[in-house]
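The values are calculated or read from the model by the stated rules, or taken from the named source; none is laboratory data. Just so you know, these numbers come straight off a predicted model, no measurement behind them. Here the Cβ positions follow ideal geometry from the backbone for every residue, glycine too, while neighbour counts run over all protein chains shown.
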Amino acid sequence: MLKPVLILCLGNEVLSDDGFGAEVARRLIEAGGLGEEIEALFAPLAGFNLLDLLQARRRVLIVDTICTGKAPPGTLHLFSADILVPSRNLTTSHQISLPTALELGRQMGMLMPERIDVLAVEAEDVTTLSETMTPRVSQAVSEAVDQIRIWIDGIYVVSSCR
Amino acid sequence: MKSIVIDPITRLEGHGKIHLFVNDDGSLANCYFQVPELRGFEKFCQGRPVEEMCRITTRICGVCPDAHHMAAAKAADAVYGATLPSAAVKLRNLVYNAFYAGDHTTHFYALGGPDFVCGPDAPAAERNILGVIAKVGIEAGKKVIAQRARGQRVIEIIGGKKVHPVTALPGGMSKRVTKAEQEEMIKIGGEMVEFAKFTLKVLDDVVLANKAYVDLILSDAYAHKTYNMGLVDENNKVNFYEGKVRVVGPDGKEHCKYEPKDYLEYVAEHVEPHSYLKYPYLKKIGWKGFVDGVDSGVYKASPLSRLNVSDGMATPLAQAEYERFYETLTKDKSGKTMVNATLATHWARVVELVYACEATLKLAQDDEITSDKIHNPPKGIVGEGVGIVEAPRGTLTHHYKTDQKGIVTEANLIVGTTNNNAPITMSIKRAAEGLIKKGTKVTDGILNRIEMAFRAYDPCFGCATHSLPGEMPLEVIVHDAESGEVVQTARQHC
């Protein structure tokens, strides 16, 4: 039986700061105590491939890197996935964006999550092949784990208020 | 934690950029495209066992992990001088064709297809997979999703993991296939062939029945008479996993046919001062600039070029479609006359999709795939090896040198898209020349017409980066050719 709440850590362990999600997942899983309804996992996937993972979950927190260029590396951004816009066009290749994947899933009759939040770290380098994150992004891992626990508490606060 | 506003465009540094330099008289002086590339591959590989490369390199490309797995595995076979049992070769071919069946499906329906299914002039908001589904129906969408799942299931059975296979070893494979798994794959193969027939009908009904689209495919604006590259088997039939690399000129004459280990005798890389991109070209002809013709060493490596270098397809439905492709576009079903229309690449991709589905079924039906003999342990070491496969988006070369313990000392890759850097530049320029004049406002429609040239190659850039939003928007930047000043910028999502 799938757990209804998913902490979905994305990224690539061999691409410098893109290894952030993998490290956050490792810490969460090692520490344990997430609760019976909550699963944390790391997936080096994007686009279409996310549909399988999101299907039949109620709430999802995606942990990933982001490059806004508007905040120092290591800054954490927490926002609703709703503010990401669907692809208007597909220029480059193979991936469809998260919002497009979600809309596609809904159209195909898949059970998509009620709500998806995103916790993203501002990355400094996601193009150098390396198993080491840049220092500021690496330092943000602990804070991200704390933020995830606060996010989890928030779900239950909301649930108990209903 | 600071709160900041996240723009819809979240990945400013991740953009693909097309720079256009326009002269005072309005003509196009130059153009090039710029994309983020991964850095440090060779350094990253050094010091690692070569047999690990096929597992690590799946992570350098989030799109063709299976292609990197196979090319790296073949290179490691060569480093150890290993020969594979027949069952292992069949398993590799099977999993690779199943991967192709999924990958080409994605491109046709989600990425390239919208230009044709929705139309190149459709509003941008509709020109995506959601628009395709709106036009061809929800049921078709479900078929596409199911087809992708089939490919992934075969990868999971043979490769040991979905998406990122881990099964190949120097000298063979590590995971045997059970009779029950074979039965499941036969069922999957049969369903894939039905899906291929459905796709042919979509192609017929939506694209080929529309004369305007066929005219667009054949228009000079999207044509280049370059050399073509692709792997072929001993009968010069298209093969994605093994064979020799064949290069055929725009005149239909064979330029060369070589073993993977000899690639450096035939391919060299040109560097332009304005760009960090490398532009591979045919060494024996030479770099003559971004020009086509038999005297220019520019070549393309794509579904279209693979069809052009081959004498046909090794399966019946795909062969029939191959003949229809050439009959329609050249009036000669033999395939001896080259198709040079870039946009025909989309149709060529469908021909290959049909082949991949048929090959998956045929290989799944072969009882030898359940053999216990799937690995010949290497007995010595050569210390150098080249592995070449056809990635969906072009010929993929992995080349490693190692010490006597198999530890990598040098590494070189030519990835599928890199082969096409020069023809992509030429295609963009050709499309832009007809559309961009000084003072022209680059509208969304113009942007899309330029992008269409680019998109036909199914390019793959810096693709291991999974940062949000999970795609790479494109910018077109118009410069004054003399001053370099930016005159206008057009960008998606704006």
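State whether the residues of region B:207-228 include one that is charged (D, E, K, R) and closer than 30 Å to B:Tyr266 by Cα.
Yes: region B:207-228 contains one or more residues that are charged (D, E, K, R) and closer than 30 Å to B:Tyr266 by Cα.
Give the number of residues within region A:63-79 that are of a type in the set (A, V, I, L, M) and buried (at least 21 other Cβ atoms within 10 Å of the Cβ).
Result for region A:63-79: 2.
Mind checking which residues of region B:275-309 are out of contact with any helix residue (DSSP H, G or I) (no Cβ under 8 Å at 6 or more places or on another chain) and touching a residue at least 12 places away in the same chain (Cβ under 8 Å)?
Passing the criteria: B:Ser275, B:Tyr276, B:Ile285, B:Trp287, B:Gly293, B:Val294, B:Ser296, B:Gly297, B:Ser305, B:Asn308, B:Val309.
Among the candidates A:Gly109, A:Gly105, single out the residue that is part of a loop (DSSP other than H, G, I, E, B), at pLDDT 80 or above and more than 7 Å from chain B (Cβ to nearest Cβ).
Of A:Gly109, A:Gly105, the one residue that is part of a loop (DSSP other than H, G, I, E, B), at pLDDT 80 or above and more than 7 Å from chain B (Cβ to nearest Cβ) is A:Gly109.
Could you tell me whether B:Ala87 is assigned to a helix (DSSP H, G or I) and over 18 Å from B:Tyr400 (Cα atoms)?
yes
Step by step: first the residues of region B:259-272, then only those that are in a strand (DSSP E or B) and over 21 Å from B:Gly385 (Cβ atoms), then the one that is modelled with the highest pLDDT. Which residue is that?
Among those residues, the one meeting the criterion is B:His270.
B:Ile188 fails exactly one of the following numbered conditions: (1) out of contact with any Ser or Thr (no Cβ under 8 Å at 6 or more places or on another chain); (2) touching a residue at least 12 places away in the same chain (Cβ under 8 Å). What is the number of that condition?
B:Ile188 satisfies every listed condition except (1).
How about region B:418-475: which of its residues are over 18 Å from B:Glu390 (Cα atoms), of a type in the set (Ser, Thr, Tyr) and modelled with pLDDT of 75 or more?
Listed by number, the residues that qualify are B:Thr425, B:Ser427.
Of (1) closer than 27 Å to B:Ala431 by Cα; (2) within 12 Å of another protein chain (Cβ to nearest Cβ), B:Gly119 satisfies all except one. Which?
Tallying (1) closer than 27 Å to B:Ala431 by Cα; (2) within 12 Å of another protein chain (Cβ to nearest Cβ), B:Gly119 fails exactly one: (2).
Restricting attention to region B:376-409, and to residues there that are of a type in the set (A, V, I, L, M) and in contact with a Lys or Arg (Cβ under 9 Å, 6 or more places away or on another chain), which single residue is surrounded by the most Cβ atoms within 10 Å (Cβ to Cβ)?
B:Val389
Can you pull out every residue in region B:82-116 that is of a type in the set (D, E, K, R) and more than 11 Å from every other protein chain (Cβ to nearest Cβ)?
B:Lys90, B:Arg92 - these are the residues of region B:82-116 that are of a type in the set (D, E, K, R) and more than 11 Å from every other protein chain (Cβ to nearest Cβ).
List the number of the failed condition for B:Ala320; all other conditions in (1) under 21 Å from B:Val214 (Cβ atoms); (2) in contact with a strand residue (DSSP E or B) (Cβ under 9 Å, 6 or more places away or on another chain); (3) aliphatic (A, V, I, L, M) hold.
The single condition B:Ala320 does not satisfy is (2).
Could you tell me whether any residue of region B:108-120 is part of a helix (DSSP H, G or I), touching a residue at least 40 places away in the same chain (Cβ under 8 Å), among the small types (Gly, Ala, Ser) and crowded, with 19+ Cβ neighbours inside 10 Å?
yes
So is B:Glu42 surrounded by fewer than 18 Cβ atoms within 10 Å (Cβ to Cβ) and in contact (Cβ under 8 Å) with a residue 40 or more places away in the chain or not?
yes
Being crowded, with 24+ Cβ neighbours inside 10 Å, of a type in the set (Gly, Ala, Ser), in contact with a helix residue (DSSP H, G or I) (Cβ under 8 Å, 6 or more places away or on another chain) and more than 11 Å from chain A (Cβ to nearest Cβ) narrows it down to one residue among B:Ala78, B:Ala73; which is it?
The unique qualifying residue is B:Ala73.
In region B:205-231, what count of residues is obtained for those that are surrounded by 13 or more Cβ atoms within 10 Å (Cβ to Cβ) and closer than 27 Å to B:Arg246 by Cβ?
12
Any residue in region B:211-224 that's touching a residue at least 24 places away in the same chain (Cβ under 8 Å): show its pairings with residues that are in a helix (DSSP H, G or I) and aromatic (Phe, Trp, Tyr) at Cβ separation under 7 Å, as long as the two are six or more apart or on different chains.
B:Tyr213/B:Phe116
For region B:86-107, give me each residue that is in contact with a Ser or Thr (Cβ under 7 Å, 6 or more places away or on another chain) and either surrounded by fewer than 24 Cβ atoms within 10 Å (Cβ to Cβ) or of a type in the set (A, V, I, L, M, F, W, C) (or both).
B:Ala87, B:Leu94, B:Ala98, B:Ala101
Which of the residues belonging to region B:129-176 are at the interface with another protein chain (Cβ under 9 Å from one of its Cβ atoms), over 25 Å from B:Met70 (Cβ atoms), crowded, with 16+ Cβ neighbours inside 10 Å and not β-branched (Val, Ile, Thr)?
B:Leu130, B:Gly141
Restricting attention to region A:24-36, report how many residues are of a type outside the set (Gly, Ala, Ser) and either within 10 Å of A:Leu10 (Cα to Cα) or exposed (fewer than 15 other Cβ atoms within 10 Å of the Cβ) (or both).
Of the residues in that region, 3 qualify.
For (1) in a helix (DSSP H, G or I); (2) modelled with pLDDT under 70; (3) within 23 Å of the chain's Cα centre (by Cα), each residue gets a yes or a no:
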site: B:Phe21; (1), (2), (3): no, no, no
site: B:Gly26; (1), (2), (3): no, yes, no
site: B:Ala29; (1), (2), (3): no, no, no
site: B:Phe33; (1), (2), (3): no, no, yes
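Considering region B:236-280 alone, what residues qualify as being of a type in the set (S, T, N, Q) and touching a Cys at 6+ places or on another chain (Cβ under 8 Å)?
none
If you go through region A:1-52 one residue at a time, how many are touching a strand residue (DSSP E or B) at 6+ places or on another chain (Cβ under 6 Å), part of a helix (DSSP H, G or I) and either within 12 Å of chain B (Cβ to nearest Cβ) or polar (S, T, N, Q) (or both)?
6
Show me the strands (runs of 3 or more DSSP E) entirely contained within region B:201-258 in which 2 or more residues are under 28 Å from B:Pro120 (Cα atoms) and not basic (Lys, Arg).
B:227-232
Does region A:128-141 contain any residue that is at pLDDT 90 or above, within 17 Å of the chain's Cα centre (by Cα), assigned to a helix (DSSP H, G or I) and more than 12 Å from every other protein chain (Cβ to nearest Cβ)?
Yes: one or more hits.
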